[in-house]
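Enquirer: Take a look at the following structure, please.
Bear in mind that the values in this text are calculations on the coordinates, not laboratory data. Here the structure is a predicted model, which means the values were calculated and not measured. No Cβ is skipped: glycine too gets one built from the backbone with ideal geometry, and neighbour counts run over all protein chains shown.
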Amino acid sequence: MKKKKSLYFLMFSPILVMFVALWVAIGKNKEPKDFAQIEKAGVLKVVTDYSPVGYYVSGDTIAGFNYELLRLLKSRIPLRVEVLLESSLDKSIEGLQSGKYDVLVRNIPITSELRESLRFTEPVTENRQVLVQRKKEFNDGVEPLRSHLALAKKTLYVPLNSPAILRINNLSHEIGDTIYIEEDKLYGAEQLVMMVAAKDIDFAVCDEMIAARVARSLPEIDYTTLIGFTHLEAWAVSDKSPVLLDSMNVWIKQVKNTKQYKSLYDKYYK
């Protein structure tokens, strides 16, 4: 019996060692990489969202502000760029912190709260948040809200974990009354704008550019009431990737000084 046990041990110990080595290798990959490691692999993994700001398909064409900005950057990035899609901002940040992604290519408002977990690149654009509601003629004669005070006791819909939540909470303190926030777990900003037009919900908050784009095909939508001031937006990397951050900043600054960037910015934001 002892001989059999020894034989089994000898037979399975190489397999055990192999599994332990594999487990250690996988564990090592579950952390952010800096530029030297990424350069060695030869691939820069970026994650963006499926939206007019990030990445979307229009007929036979792939478009989106961030996707097209990436194309401008590719001539400067000495690596193959792999674009991955993830709609959830929380999951994107988790993937960044675990090493699944290298760069979060998504227009994120630069706030002190997010600086605690992310390192922002050179700003890529400016934006502002707006209140999405229906025009009078599509809302039973009810005028759109123009005063922030009128938001008291109203329910505003936003995508899950939207950066707009912080601004709405601050606005609630400013007016001295409650503004209810409903985080939608299923739909993004574009879908919420469509739900306002369809009278499924009354109010949503999103970036002005997204609201403007959807409103081109939905005349019901009014988005002229501002929720916040103009703010800077940037991409992000892990706080464990300082060299990558420096490299991204150099490339973004170079591109922002070109006519191509100005044309791209005007295409999506003017």
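Enquirer: At 30 angstrom or more along the helix axis (alpha-carbon based) and mean Kyte-Doolittle of 1.6 or higher, what helices does the chain contain? Whole DSSP H runs only. Kindly include the intermediate steps, with their values, before the conclusion.
Expert: Numbers: long enough: 2-29 (39 Å, 0.85).
Passing helices, by number: none.
Enquirer: Which residue, F203, V142, I165, has the largest displacement toward the positive end of the dipole of the range 129-226 when charges sit on each Cβ (Lys, Arg +1; Asp, Glu -1)?
Expert: Among F203, V142, I165, the one farthest towards the positive end of the dipole of the range 129-226 is V142.
Enquirer: Please compute the modelled spin-label separation between Q191 and S263, points set 7 Å along Cα→Cβ, answer in nm with one decimal.
Expert: Those two pseudo-labels are separated by 3.5 nm.
Enquirer: Here's another thing I want to ask about it. Residue by residue, what Karplus-based ³J(HN,Hα) values in Hz, rounded to whole numbers, does the range 47-61 have, using 6.51, -1.76 and 1.60 with θ = phi - 60° and x for Gly and Pro?
Expert: Listing the rounded values in order: 10, 9, 10, 8, 6, x, 7, x, 7, 8, 9, 10, x, 9, 10 Hz.
Enquirer: Moving on. V124's amide H: which non-local residues (gap 5+, or another chain) put their own amide H closer than 5 Å, with H modeled 1.01 Å from N in plane and none for Pro or chain starts?
Expert: E233, A234, W235
Enquirer: I've got another one for you. Would you mind computing, in nm to one decimal, how far apart the modelled labels at D60 and K136 are, each placed 7 Å from Cα along Cα→Cβ?
Expert: 4.7 nm
Enquirer: How would you classify the range 129-226 from its alpha-carbon gyration tensor, with a ≥ b ≥ c the square roots of the eigenvalues: rounded for a/c under 1.5, else prolate if a/b is greater than b/c, otherwise oblate? Numbers along the way, then the final one.
Expert: Numbers: a/c = 1.73, a/b = 1.21, b/c = 1.43.
Oblate shape, in that a/c is at least 1.5 and b/c is the bigger or equal ratio.
Enquirer: Quick one: T61, T178, fewest Cβ neighbours within 10 Å first, how do they rank? Could you put the intermediate results ahead of the total?
Expert: On the way: T61 7, T178 11.
Fewest to most other Cβ atoms nearby, the residues stand as T61, T178.
Enquirer: Which ordering of L151, L218 is given by a fewest-first count of other beta-carbon atoms within 10 Å? Could you put the intermediate results ahead of the total?
Expert: Details: L151 23, L218 15.
Ordered from fewest to most neighbouring Cβ atoms within 10 Å, L151, L218 come out as L218, L151.
Enquirer: Starting from the Cα-Cα distance between I181 and A198, subtract it from 0.36 nm times their residue separation and give me the gain in nm to one decimal. Before the final figure, lay out the partial values.
Expert: Details: separation 17, 0.36 × 17 = 6.12 nm, distance 1.96 nm.
Full-extension gain reported as 4.2 nm.
Enquirer: Nearest 5 percent is fine: what portion of the DSSP beta bridges confined to the chain is antiparallel?
Expert: Working: 19 of 34 bridges.
Bridges in the chain that DSSP calls antiparallel: roughly 55 percent.
Enquirer: Here's something else I'd like to know. Less than 13 Å apart at the alpha-carbon level, and either on another chain or at least 8 residues along: which aspartates and glutamates does that give for K240?
Expert: Straight-line reach from K240, under 13 Å: E31, D34, D102, E116.
Enquirer: Right, another one. Gaussian network model of the chain, Cα springs within a sub-10 Å range: biggest mean-square fluctuation belongs to which of N161, N107, N257?
Expert: Of N161, N107, N257, the Gaussian network model singles out N257 as fluctuating most.
Enquirer: Rounded to the nearest 500 deg cm²/dmol, what is the calculated helix-only ellipticity per residue at 222 nm for the chain, with -39500 (n - 2.57) per DSSP H run of length n ≥ 4? Present the calculation step by step, with values, prior to reporting the outcome.
Expert: Working: 10 runs with 113 residues, N = 270.
Dividing the helical sum by the residues of the chain leaves -13000 deg cm²/dmol.
Enquirer: Return the percentage of antiparallel bridges among DSSP beta bridges fully within the range 129-226, rounded to the nearest 5 %. Working shown, then result.
Expert: Details: 8 of 14 bridges.
Here the antiparallel bridges make up roughly 55 percent for the range 129-226.
Enquirer: Defining a contact as two alpha carbons under 8 Å apart and six or more residues distant in sequence, what relative contact order in percent does the chain show?
Expert: Working: 438 pairs, mean separation 69.2, N = 270.
The normalised contact order for the chain reaches 26 percent.
Enquirer: Compute the relative contact order of the range 129-226 as a whole-number percentage, counting only Cα pairs closer than 8 Å that sit 6 or more residues apart in sequence.
Expert: Details: 165 pairs, mean separation 42.9, N = 98.
Computed over the range 129-226, the figure is 44 percent.
Enquirer: Near the amide H of Y157, under 5 Å away, which other amide H atoms are found, from residues 5 or more places off or on another chain, if H is placed in the peptide plane?
Expert: Counting only residues 5 or more places away or on other chains, the set is E182, F203, A204, V205.
Enquirer: How big is the dipole moment of the chain about its Cα centre under a simple scheme where the beta carbon of each Lys and Arg is +1, that of each Asp and Glu is -1, and everything else is neutral? Debye, nearest 20, please.
Expert: On the way: 37 positive and 34 negative charges, 313 e Å.
Dipole about the Cα centre, nearest 20: 1500 debye.
Enquirer: Given H placed 1.01 Å from N in the peptide plane, which residues other than close sequence neighbours of T225 have an amide H under 5 Å from its amide H?
Expert: When sequence neighbours closer than 5 places are left aside, the close amide H contacts are L131.
Enquirer: Further, regarding this structure: Which of F138, F229 has the fewest other C-beta atoms within 10 Å, and how do the rest follow up to the most? Write down the numbers at each step before the final one.
Expert: On the way: F138 17, F229 8.
The fewest-first ordering by Cβ neighbours comes to F229, F138.
Enquirer: Taking semi-axes √(5λ) of the Cα gyration tensor in Å straight from the coordinates, which label in [x] 43, 24, 17; [y] 29, 25, 16; [z] 34, 22, 18 is the correct one?
Expert: [x]
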